[in-house]
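Derivation of every value follows stated rules applied to the coordinates shown; laboratory data play no part. Owing to the predicted nature of the structure, the values given are computational and were not obtained by experimental measurement. Neighbour counts are summed over all protein chains in view; Cβ atoms, including those assigned to glycine, are modelled from backbone coordinates with ideal geometry.
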Amino acid sequence: VQLQASGGGLVQTGGSLRLSCAASGSIFTIHGMGWYRQAPGTQRELVAFISSGGSTSYADSVKGRFTISIDNAKKMGYLQMNSLKPEDTAPYYCIIQQNGRQFWGQGTLVTVSS
């Protein structure tokens with residue numbers, strides 16, 4: 001299983017970015033998908049998670065600003081990030097869950113300038 005995250009970049013405060021996570025390999029059904037971030041000197045944070053049934057959960061810090069979605073047919077996951085703040089700056093990592101296992105992708109860096 002391989003995960004390829006993309007969509008990060010440099011954006012000004014208040015701007016938007018859309019992260020994508022493409023899954024390939026032995027993927028049959030994605031049971032859950034999520035995004036983590038970890039800024040330097042901070043603990044890793046689960047930003048958003050979505051189950052195969054469509055249930056979502058968000059960190060309090062991003063509620064109302066970020067939206068997670070998944071397209072199981074395309075084996076793609078997305079994180080729409082609006083109203084970005086400098087404190088959102090971090091590498092973002094996508095994960096998927098399948099049959100009780102969790103797989104990680106490489107990070108995509110999001111930088112929000114003030």
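Calculated FRET efficiency, residue 39 and residue 74, Cβ-Cβ r, R0 30 Å, to nearest 0.05?
It comes out at approximately 0.50.
Determine the shape class of the range 46-94: with a ≥ b ≥ c the square roots of the Cα gyration tensor eigenvalues, call it rounded for a/c under 1.5, and otherwise prolate if a/b is greater than b/c, oblate otherwise.
prolate
Calculate one ³J(HN,Hα) per residue across the range 68-77 by plugging θ = phi - 60° into the Karplus curve 6.51 cos²θ - 1.76 cosθ + 1.60, and present them in order as whole Hz with x for glycine and proline.
9, 8, 9, 10, 5, 5, 8, 6, 10, x
Please figure out what share of the DSSP beta bridges in the chain is antiparallel and state it in percent, rounded to the nearest 5.
90
At 0.36 nm per residue, minus the direct Cα-Cα distance, what do residue 82 and residue 67 gain on full extension? Give it in nm, one decimal, please.
4.5 nm
Per residue of the range 88-95, what does 6.51 cos²θ - 1.76 cosθ + 1.60 with θ = phi - 60° give for ³J(HN,Hα)? Whole Hz please, x for Gly and Pro, Karplus curve as stated.
Going residue by residue, I get 7, 4, 4, x, 10, 10, 9, 9 Hz, with x marking Gly and Pro.
Over what distance in Å are the Cα centres of the range 10-31 and the range 68-112 separated?
Each part reduced to its Cα centre gives a spacing of 4 Å.
Work from the charge dipole of the chain (Cβ charges, +1 for Lys and Arg, -1 for Asp and Glu, about the Cα centre) and give the residue of 100, 114, 67 farthest towards its positive end.
Sorting the options by dipole projection puts first 100.
Provide the gained length on full extension for the span residue 97 to residue 13, in nm with one decimal, where the gain is 0.36 nm per separating residue minus the Cα-Cα distance.
Contour length minus Cα-Cα distance gives 27.0 nm.
Modelling each spin label as a point 7 Å along the Cα-to-Cβ direction, I'd like the residue 20/residue 4 distance in nm, to one decimal.
0.9
From the Cα gyration tensor of the range 1-67, with a ≥ b ≥ c the square roots of its eigenvalues, which class applies: rounded if a/c is under 1.5, or else prolate if a/b is larger than b/c, or else oblate?
In terms of gyration-tensor shape, prolate.
What percent does the relative contact order of the chain come to when contacts are Cα pairs within less than 8 Å and at least six residues apart? Write out the running numbers ahead of the final one.
Working: 283 pairs, mean separation 41.5, N = 114.
36 percent.
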